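The values are calculated or read from the model by the stated rules, or taken from the named source; none is laboratory data. Note that the coordinates shown come from a computational prediction; the quantities given were computed from them, not determined experimentally. Because the Cβ atoms are built from the backbone with ideal geometry, glycine has one as well, and the counts that use them run over all protein chains shown. Surface accessibility is based on the protein's heavy atoms, side chains included, excluding ligands, DNA and RNA. Shrake-Rupley method; radii C 1.70, N 1.55, O 1.52, S 1.80 Å.
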Amino acid sequence: MKNAVKFLAAIALVLLGGCSAFAPPAASDALFADERYGEPPAALQQLDLFALSPAMEAYLQDHIRKRAVILGHSRALFTSLTEDLRVDYDAAVTRTASETFTAGAGNCLSLVILASAFAKQLDIPLRYQLVHGEGAWTRTGDLVFLNGHVNIVLDPHRRYGLTTGASEPGLVIDFAPARGVLSHDTEEVPERLIVAMFMNNRAAETLVAGDARQAYWWARASIRTAAFASAYNTLGVVYRRSGDFDRAETALQRGLALAPRDPQLMNNLAGLYEQTQRLADAARLRARLARLDAYQPFQFLDAGYRAMAAGDVNGAMALYRRELRHIPYSAEVHYAIAVASARLGDARDAEQHLGEAMRLSTNLRDRDIYAGKLQRLQALQLN
């Protein structure tokens, strides 16, 4: 990853990069620079993640409670959210419960918040879970994101029978798009971390939109809610983009204190050192990354793009497939393979990977683009 010319920062969405057992820093902590970033955004000041809108209240009364007379509260909510209420997966924006219900779309965190909002009204015990396993890497411009995953378990202390005859504790509501994550290890996390994750996501999303002021306040609120490495990482990126290199270093170092082996934090801090000409410090961090054999996301994909531009389609394909072994859930990688396959005359492989790109897209806009390309490819094959 490069340096002052083009700084490529990695940010974790949803995923907890090292939870902290320490109390969050005080509002007056020298890490923060409130005077430089104006007033907090209204959306943060008025935030109520789990509030029900009038439409949600009506759905609760007219659908869930009526179904609960026969099924019980937990099964009624589970059935309503997994079968009746159609919510599309869209990772472009992290939404509150009411925003998710209105839009009919959201990422896994948004949908967990929606399920929790209804469960609270029905007094259903619940468990928030961080799902361990491979994260899905995505990127927007010069920001790279590791999209972690959370789900929710309703009534976790009661066992429910499955169609196989086995039984499992609780009812798992999981909104992972087209990915088998239910077999992965999970870790229970408290609600305050769910709230902090939401704020960290909003910080990253507003940073992508070019609004460092709002991003600062969301990242600050995330750290104040529950100190964890990902939020310090995001704040460090905000400061670096704003030219406040001293605070950027402090934020990234605090994140590393919580997660000493986190490659995103190390990479971002090394990039900061390179940008500020502290090359010896950068070299030490790069050496640590090398010892960890840390994968640098999209390194083989970008090399493949360069090979393709030079006319080496076979070389590009080899690099794309190497990238795919690291990030099998990347729509961008599958699309690159589809393009290379089409160039090599393998229409069937191109169709397969275009379908995967559409299936794994993290937002509705990209999904529609890939669907259109797939339809055109299929039409060409029919003619």
Excluding ligands, DNA and RNA, what is the solvent-accessible area per residue of the chain at a probe of 1.4 Å, expressed in Å²? 45 Å²
Debye intensity ratio in log₁₀ form over the Cα atoms of the stretch 46-154, taken at each q of 0.15 Å⁻¹: -0.66
Please report the accessible area of ASP174 (heavy atoms, 1.4 Å probe, ligands and nucleic acids excluded) in Å², nearest 10. 40 Å²
Note down the relative contact order for the chain as a percent, whole number, built from C-alpha pairs under 8 angstrom at least six residues apart. 18 percent
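Can you compute the charge dipole magnitude of the chain about its Cα centre, using +1 on each Lys and Arg Cβ and -1 on each Asp and Glu Cβ, nothing else charged? Give it in debye, rounded to the nearest 20.
Magnitude of the dipole: close to 500 debye.
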If you take the charge dipole of the chain about its Cα centre, with +1 on Lys and Arg Cβ and -1 on Asp and Glu Cβ, which of HIS132, LEU60, MET317 is farthest toward its positive end? MET317
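Starting from the Cα gyration tensor of the stretch 250-383, take the square roots of the eigenvalues, sort them a ≥ b ≥ c, and report rounded, prolate or oblate (rounded when a/c is under 1.5, otherwise prolate if a/b is larger than b/c, else oblate).
Judged from the Cα gyration tensor, the stretch 250-383 comes out prolate (a/c at least 1.5, a/b above b/c).
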If amide H atoms are built 1.01 Å from N in the plane of the peptide, which residues on other chains or at least 5 residues away come under 5 Å of the amide H of VAL189? TYR128, GLN129, LEU130
With every protein chain in place, the stretch 245-348: carbon and sulfur % of accessible area (1.4 Å): 51 percent
Given the whole protein assembly as supplied and a 1.4 Å probe, what does the accessible area of THR362 come to in Å², nearest 10? 40 Å²
Which whole-number percent gives the relative contact order of the stretch 240-298, counting Cα pairs below 8 Å spaced six or more residues apart? 28 percent
Shape verdict for the stretch 312-365, please, from the Cα gyration tensor: rounded (a/c under 1.5), prolate (a/b greater than b/c) or oblate. oblate
Give the residue from ALA307, ALA270, ALA105 lying farthest towards the positive end of the charge dipole for the chain; charges sit on Cβ (+1 for Lys and Arg, -1 for Asp and Glu) and the dipole is referred to the Cα centre. ALA307
Between the stretch 235-275 and the stretch 97-122, what is the separation of their alpha carbon centroids in Å? 32 Å
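Counting only DSSP beta bridges with both residues in the chain, what percent are antiparallel, rounded to the nearest 5? Before the final figure, lay out the partial values.
Details: 21 of 28 bridges.
Just about 75 percent of them are antiparallel.
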Working from the pairwise distances between different alpha carbons, so that the mean of 1/r is found and then inverted, what is the stretch 48-87's Kirkwood radius in Å? 10.5 Å
Inter-part gap, Cα centre of the stretch 349-381 to Cα centre of the stretch 29-95, in whole angstrom, is 30 Å
Which values of log₁₀ I(q)/I(0), to two decimal places, follow from the Debye formula for the stretch 215-325 at q = 0.20 Å⁻¹ with a uniform point scatterer at every Cα? -0.98
Please give the per residue volume of the convex hull enclosing the alpha carbon atoms of the chain, rounded to a whole number of Å³. 166 Å³
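Shape call for the stretch 33-99 from the C-alpha gyration tensor, a ≥ b ≥ c root eigenvalues: rounded (a/c under 1.5), prolate (a/b greater than b/c) or oblate?
Because a/c hits 1.5 or more and a/b exceeds b/c, the stretch 33-99 counts as prolate.
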